[in-house]
Each structure stands twice: as C-alpha cells, then as structure tokens.
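What follows is a short report on a single structure.
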Amino acid sequence: MEYKEEVFKKRANKSTMIMWLLIGIILSSAYFIEVLKGASTPKYYISFLAVCWLPFFTGLLVLKLKGTSTQIYSEVISVGYGLLYLFVLMTTDTNVTFAYIFPVASMLILYKNRWLLIRCGILNILAIVAMLAKTALRNGFTDNTVADAEIQVAVVILCYLAYVLAIDHISKSDGAMLDSVKSNLARVVKTIEQVKVASHSVVDGVTVVSELSDENKESAEIVVNSMEQLSRNNEVLHEKTDSSLDMTNKISNQVKNVAGLVQEMVILADESVTHAQTSSEQLADVVNSTNEMAQLSTEVEQILREFRSDFDMVKAETGTIEKISGQTNLLALNASIEAARAGEAGKGFAVVADEIRDLSTGTKNSSNSIMNALSHLESTADRMTESITRTLQLINTTLEKISQVDTSVARITADATKLGGNVQVIDSAMQEVEHSNRNMVDNMNQISEVMDLMTASITEADENTRVMRSKYAETTANVMNISSIVGQLIEELGDGGFMSTSDIKPGMYLTLEETQGLITKEYSEQVIEVVDEQIIVNDLHDTLTLSKTAVYNITVTVDNGIYRWNEVKVAVRKDGNYSLTVSGNPKVFNRRKYRRMPISNSCTLFLEGVDHPLTARMVNISAGGFAFSAPAKELQDAKNKRIRVQINNLDVMKGKDMEGTIIRVTNNEGVYIVGCRMFDDNMDIFHYVERNYK
C-alpha cells in the first residue's frame, strides 16, 4: 500500500470523530434515562446536550471548512471534549466519571503528537482536582475522599504516561524503519538499476525468442500441414498397400492353386507317359502277335493246300480202289461164273487169278499211297491243329493286350480330360492374376505418385525443420543468455536480502558441511520445520557428532538456486533432532544449466515413502540432474520427494547411486516421466557428458 500522509491524517480524524460520537450518544442516552427516572431535571439535560453536542458539531464545521485532514481537529477534540468531561465531573457525584476521558484520549495516540497528549493530561488532572475541590467544599475531606482522589490522579497520570511512551515507541520505530529504508535506499536503487539493465537484456532476449518462436510457429504450421498431408498420403498408401497385399495374397493363392494343378498335371503326364509306354509295348506285342498270326495263317494256308492235294490224291486213290473194287467185284462175278463152270475150264481161273493178283497189287499200292497220304494228312492235321491252337492263344493274348490298351487309352483320355480342365482352371487363374497384376501396376503407380508427394512433404518438412533447428540454436543462445542474466541477478538480489529462511520449506533436504582443519564431512539432513532464523532438521543417517571446534555450513537447493549459510550454529534438541541457527541472508548461487545426455539404461528406484524398489528406464543425465520414465503409479504424487537411483551398466557411476529430489512428474498415458535435481553437482558426470555427447 502506498503511503500518503493526507490519507492517514484523514483516517485519524475520522476514527476520533466516531469515538466522540459514540460517547456522546451513550452519555445522552444515559442522562435521558436519568431524567425519566426523576434523578435529573429536564433543564439540566438540556444544558448537558448543549455542552455535549455543540463542540462536536463545531468540530464537524472545522472539518468541513478546513478539510477532513486538518490538524486543527485534534485541538478541537481536546478542547470540546474536555469541556464535556469537565461538565460531567462537576455535575455528577459518581466516582467513575473521571474515566470518561480515556476512550477519546486513547484515540489521540493516532495523531502521534506527544505534546498534545501531555497538554490533555495536564488539563485532565486539573479537571479532576477541580472536582475533588468541589467535593471537599461540599462534604469535606475524609479518608475515602483522599484515597479516591489519589487513585484517580494516579490512574490518569499512568494512562497518559503510557500514551506518551507509546507515541515515543511508535515514533522511534517509524524513525528506525525510515532510517533503515534510507540506509537501504542506495542498495535498492542500485538493485533497481541492476534489475533495469538485466530487464533490458531479458526483454531483448525474450523479444528475440518471441520473434523466433513466431517464425518457428509458422515453420511448425508448415511442418504440421506437411505432416497432415503426409498422414493423408500415408492413409492412401496404406489403403493401396492393403489392396496390393490382398491382390498379392490372391495371386499367391492362385499361384499355389496353379502350382498344385501343374504338379497334378505333371503327375498325370507322367502317368500318361507310363500308360502310353505300356500301350506302346502292348501294341507292339499285338503287332508281333498279329505278324505271328499272319505267319501261322500262311502256314495254315500252305497246310490246307497240301491237305487239299493229299486229299485229292486220297480221293484219286480212293477212285482207283473203287475201280479195283469194281473190277474185283466183276472178277468175283466172273469167278462166280467160272466157278459155275469150274469144271469146264481151268484156264479161266488162271486169268482171274492174274487179274486178282494185279488188282491186289494195285490195291496194295493204293493202300500204301492212301496210308502215306493219311500219314501226311495226320501230320498236316497236327500242324494245322498246332497252328490253330497257337492262333487261338495269340488271339486271346491279343484280346487281353487290346483290352489293356483300351484301359490305358481310357486312362489317357481321362487324364487328357482332367488336364484340359486343369488347363482351363490355370487359364482362368492366369487371367485373374493378369487382372490383379494390372491392378497392382495401377496401385504401384498411385503409390509412386503418393511417395512422390510424401517425399516432397518430407523434403519441405525437413527444410523447415532445418530452419527451425537453426533458429532453435539462436533461441537456445538467447535463453542461455537470459538464464545467465537472471541467475546473476538472483545471486545479487539474494545477497541483498531477497532470499531468506522463508524460502526453505519442510520436507526439503539440505547438506550440512562439518569442517575441522583440512577435513570436511557432509551430512544429508531433512528439514522438519523453519522458525524465524532457525532450521529444524532430522539427521537421516544418525552419524552426526557435534564438535565445538568444527565450523558448520549448510547448503540447500531451492528450485534452480543454491542457498548457502556459513558459520551456522548447530545444537541438539530434546527430541533428538538438530537446530541450525543462521544469521542474515544466504549467499545465493544460481544453479548452472548443464548439458543433458540422452541415455536409455535400465535402472532401479528407491522412492521415499515406498517400501519396495521400482523398475524404470533412464531418459537423460546431466551433472546437476537426471530424468527417467516408469509406469509405476507410486510416482504420480512424488514431486518434492527424495529418490535414490541405481543405474545399470553406466561406467561413470562406478557402482554409486545418484540421489536427488523430484522436481517434476509428467503423466504420459500411464508412463510417468520424472525429472530430478541432484543435491550437489557431479563433475564426473559433467566430464562424461562432455566426452560422449556431441
């Protein structure tokens, strides 16, 4: 609140006037009741009202004429209310009337005018003396009267003395504060100048950052548009790829079917070849059998010709025999005739006997010829029978061969029919494959066009990203410049009293340094409570042993700043905790911004308040802090908690754990990304990052 003297004077006049008004109303009401009871007369009441309210309205008139902040009003109150007070004292017999002055007199302290109160005190005492004189003249002095007078005068003197002392204290306090303000004014002016210079630098840096941000926003919009177009093209590409994949699957299925059919055709062709070879062999056997049957037929024909010749000869011989038989019959007849003449002539018997002998010889020869012919016919019949039997066998064999050939031909026909069906299926499949191939060619052309568009979008996005990256470097430089300026400003302002123990909150951790000679030990402590200049901590490891010869310093990290108090007084409390008493303001160091190196090592977490270890994966690491990610719900409300981390396979830690405080927790769909600030800078990590992160 801005200080304006006129405003405070006006408030003092208003507060005193209100108090005067309330006392006037109370007394007027009380005396009116006295009139109603008959204890006072109306004439007296009118006089009281005149003495009570005339000075009050006179004061209102002064405020109206001189202004509500006039100092004359305090004098009007002291005189006007003093007259009312004197009137009440002189016209009232009760001993408490002397206290009527105190409410208004106490309000006069607001004016911080000790001489006004001294004057009022003197006049107050004189009024009491006048009342006591009146009482003594009317009733005389008694022991009670003297005691009452002494008490009243003593109370009035003590009250006014307290008022004056209060005014003196307020004046001295205001003076000391004013002197302090004056003494710090040069520092404040200097600080303001520093802030002004730093502000200009910060504003310049922020302006550059803002401009770069606007430019990057445009580039980002282009990149976003390109990425949106890329996304749409990717959807088209995905659709065409799915379509091509479906067609490929169809082609693959058709090829599999064709391959199966071709395999079946190969089998059928092999079987047809086998059947054809068998049929060929069987046909060759049929031809051989036919040739053999032809030969046999020729032989049979020859045999038949021989048989006919022999038969003709037998027939001729048979005719000869018939002739001989006829002649024999005739001779027999002649013989019969001659027999009848047997006696007559013997000479005829001789002729008959010769003829019969010739006939017998002819018959014998014919019989031999017939026997020979019959033998030859028998032989010919045997040969003919053998040839016919062989011919019948060949005919049966030929019939079997022809039946087998017929079966093979039927199989070949069936295989050919099946091959024809497969060829039609293959032709249909090949037509479908050809159609799918045409669609695939169309899809590939469209994919090619989409890829060209995607390439153009990626190229444009890449160019804008490169521009953004170049601007980001400048932005980073400006941010680092701003950070440096603000950090330096914080350090300078902190030393100037802007930082104090009020910035340290319970639950924070600090480092207590114990130095004895050249040996310095560090202890990690947790802040329990902060009372004025005293920090109450709990020794986490119960290893601190106080020494009178040791020098103690404390360092605590608050946000991005490091506070340090030197020569701290350490004492053990009754509850076992330690009190750290600091003096003055701390030295403030702005925490340096170290480069963060991305890493992905697995790690194990030990979180304050959680009784079991958690599994996580590192995100980055720096000399002043680290970050990790984990799906553990225990991290959701872990901000400002202490944490210890064991990183696997990180040589720079050499098996040591990292400790720090969680300063941020980001929930990424159930995976928590946690940023931590280490209690002290780790220069081993700093050098490790500098060596390995380019």
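Values quoted throughout were computed directly from the atomic coordinates according to the rules given, and no laboratory measurement underlies them. Nothing here was measured: the structure is a model prediction, and the numbers come from that model. Cβ sites come from the backbone with ideal geometry, for glycine too, and all protein chains shown count toward neighbours.
Side notes on the structure shown:
- Extended-chain gain in nm, criterion 0.36 nm per residue less alpha-carbon gap, residue 639 and residue 61: 201.6 nm
- Local electrostatic count at residue 627 - Lys and Arg +1, Asp and Glu -1, tallied over other residues with Cβ under 12 Å: +4
- Sequence-ordered 3J(HN,Hα) estimates for the range 642-650 from the Karplus curve with 6.51, -1.76 and 1.60 and θ = phi - 60° stand at 7, 9, 10, 10, 9, 9, 7, 6, 10 Hz, glycine and proline given as x.
- Using only alpha carbons, the range 628-694 has a radius of gyration to Kirkwood radius ratio (Rg to Rh) of 1.01.
- Shape category assigned to the range 577-653 from the gyration tensor of Cα positions, a/c cut at 1.5: oblate
- Our coupling estimate for the range 625-638, obtained by passing each phi through the Karplus curve with A = 6.51, B = -1.76, C = 1.60 and θ = phi - 60°, is x, 7, 9, 8, 10, 7, x, 7, 5, 4, 7, 4, 10, 9 Hz, Gly and Pro reported as x.
- The range 515-662: relative contact order in percent, alpha carbon pairs under 8 Å with at least 6 residues between: 14
- Using θ = phi - 60° and Karplus 6.51 cos²θ - 1.76 cosθ + 1.60, couplings along the range 32-40 (whole Hz; Gly, Pro as x): 5, 5, 4, 5, 5, 6, x, 6, 9
- Net lengthening on full extension, residue 531/residue 21 (0.36 nm per residue, minus Cα-Cα): 179.1 nm
- Surrounding net charge for residue 656, when Lys and Arg each add one and Asp and Glu each subtract one, Cβ distance under 14 Å: -3
- Shape of the range 1-150, Cα gyration tensor, a/c cut at 1.5: oblate
- Among residues other than residue 665 with Cβ under 10 Å from its Cβ, the summed charge is +2 (Lys and Arg +1, Asp and Glu -1).
- Sorted largest first, extent of the range 1-65 alpha carbons per principal axis (Å): 55, 24, 9
- The per residue volume of the convex hull around the alpha-carbon atoms of the range 536-673 is 150 Å³.
- Comparing 152, 67, 173 along the charge dipole axis of the range 51-175, the residue lying farthest to the positive side is 67, per the Cβ-charge model.
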